[in-house]
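The values are calculated or read from the model by the stated rules, or taken from the named source; none is laboratory data. In this text the structure is predicted, and so the values were computed from the model without any measurement. So basically every Cβ, Gly included, is an ideal-geometry build from the backbone, and we count neighbours across all protein chains shown.
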Amino acid sequence: MIMPELPEVETVVRGLQQALPGDSLKSVQVLRPDSIAFPDPDQFRRLLPGHGFLSVRRRGKYILIDLDEDAALVCHLRMSGRLLIRARGAGANDARFLRVKMPLASGRQLHFEDMRVFGRLWYKPRGVSLEEVVPALSELGLEPLTDLTAAKLKLLFAGKKQAVKTTLLDQTLIAGVGNIYADEALFLTGVHPQTSAGDLTARSLTRLVESIQLVLSRGIESGGSTLRDYVNAEGVNGNYQNQAWVYGREDEPCLKCGREIVRVKVAGRSSHFCPGCQKRR
């Protein structure tokens with residue numbers, strides 16, 4: 001299973017930011033109650049209508065939709081969730097896995113669709129913080145595109161014996177990096193995924209930060225990666241998977257040295273690397 005990572009979530013956020021501000025929620029239909037994390041589905045259905053959209057932003061892999069009256073709608077796509085703008089008059093056939101339907105004042109609809117039903121929505125009312133409603137937000141680590149530096153990464157990795165690949169996936173350290181872009185960044189850095197995080201040199205830490213920021217930026221420019229379920233807010237597939245260095249390219253030749261790309265399990269997660277370019281030391 002592939003969870004949308006920072007580039008995919010950021011792409012959705014940018015699409016929603018273009019579409020939602022100035023519009024408002026006309027009504028809410030909860031078709032799958034377990035898609036609502038907070039409050040209970042009846043309150044969610046009752047409290048959201050009438051709110052206007054102000055802005056859309058991201059924290060880690062969470063989508064934060066700021067509403068008027070100091071309220072907010074929060075979404076985590078998990079494995080297969082989709083937050084989509086559907087055109088005026090969209091019918092049931094347009095949404096096979098529709099879980100929450102939100103008609104807008106403009107006549108369009110905001111749909112939360114989710115095949116595996118792992119994704120969740122939260123409503124934050126006036127008078128409480130986002131972290132009170134979604135406690136996991138307070139546990140998120142650094143934003144890699146804006147806050148991460150080699151000096152900060154050195155502190156995060158100091159003394160850690162676990163594999164660098166596993167460490168990069170820890171959302172309490174760095175928020176938003178997942179399997180795809182961790183593999184890509186480690187390849188560009190020339191570091192084996194099973195190298196202990198605490199053993200990286202100063203030069204490798206600097207290169208790793210640069211590589212993380214590079215692959216995430218390229219992922220956003222490509223509209224994210226569509227390996228199975230992900231689409232953007234308009235329902236369009238991403239394209240980064242077609243330009244990946246190592247991820248999803250098991251047994252194919254390395255684009256740099258020609259050696260075959262290898263896939264191994266690191267702490268239970270698939271990791272792709274080039275044995276020629278990423279020697280284990």
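Being in contact with a Pro (Cβ under 9 Å, 6 or more places away or on another chain) and in the same structural domain as N239 (by TED's automatic domain parsing) holds for only one residue in V164, V133, V191, and it is V164. If the condition is being among the polar types (S, T, N, Q), in contact with a strand residue (DSSP E or B) (Cβ under 8 Å, 6 or more places away or on another chain) and not in a strand (DSSP E or B), then region 1-30 contributes Q17, S27. If you scan region 242-268, which residues turn out to be touching a residue at least 24 places away in the same chain (Cβ under 8 Å) and under 30 Å from G15 (Cα atoms)? Correct list: Q243, A244, W245, V246, Y247, G248. Only residues that are closer than 17 Å to D114 by Cβ and in contact (Cβ under 8 Å) with a residue 24 or more places away in the chain were counted in region 6-55, giving 15.
One line per residue, one yes/no per condition, for (1) of a type in the set (F, W, Y); (2) under 21 Å from E10 (Cα atoms):
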| position | (1), (2) |
| --- | --- |
| K101 | no, no |
| F118 | yes, yes |
| L121 | no, yes |
| L145 | no, yes |
| K152 | no, no |
| G159 | no, no |
| T166 | no, no |
| V177 | no, yes |
| T195 | no, no |
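Residues in region 1-52 that are among the polar types (S, T, N, Q) and either touching a His at 6+ places or on another chain (Cβ under 9 Å) or under 18 Å from R126 (Cβ atoms) (or both): S24, Q43. Going through (1) touching a residue at least 24 places away in the same chain (Cβ under 8 Å); (2) in contact with an Asp or Glu (Cβ under 8 Å, 6 or more places away or on another chain); (3) surrounded by fewer than 19 Cβ atoms within 10 Å (Cβ to Cβ); (4) farther than 24 Å from I174 by Cβ one by one, E69 falls short only on (2). The condition of being over 24 Å from R78 (Cα atoms), under 19 Å from the mean Cα position of the chain (by Cα) and of a type in the set (A, V, I, L, M, F, W, C) holds for only one of V209, V231, that being V209. Within the option set R99, R45, being over 28 Å from P144 (Cα atoms) and more than 20 Å from the chain's Cα centre (by Cα) holds for one residue only, R45. Filtering region 85-110 to residues that are modelled with pLDDT of 90 or more and within 13 Å of L20 (Cα to Cα) leaves I85, R86, M102, P103, L104, A105, S106, G107, R108, Q109, L110. Has region 253-270 got any residue that is surrounded by 22 or more Cβ atoms within 10 Å (Cβ to Cβ), of a type outside the set (K, R) and not in a helix (DSSP H, G or I)? Within region 253-270, one or more residues are surrounded by 22 or more Cβ atoms within 10 Å (Cβ to Cβ), of a type outside the set (K, R) and not in a helix (DSSP H, G or I).
Quick check on region 221-241. Is at least one of its residues outside any helix (DSSP H, G or I), surrounded by fewer than 18 Cβ atoms within 10 Å (Cβ to Cβ), at pLDDT below 90 and on the phi > 0 side of the Ramachandran plot? Among the residues of region 221-241, at least one is outside any helix (DSSP H, G or I), surrounded by fewer than 18 Cβ atoms within 10 Å (Cβ to Cβ), at pLDDT below 90 and on the phi > 0 side of the Ramachandran plot, which makes the answer yes. Residues in region 31-49 that are in contact with a helix residue (DSSP H, G or I) (Cβ under 7 Å, 6 or more places away or on another chain) and either assigned to a helix (DSSP H, G or I) or of a type outside the set (A, V, I, L, M, F, W, C) (or both): P33, P41. No other residue among R218, R203 is of a type outside the set (D, E) and either surrounded by 15 or more Cβ atoms within 10 Å (Cβ to Cβ) or part of a loop (DSSP other than H, G, I, E, B) (or both) apart from R218.
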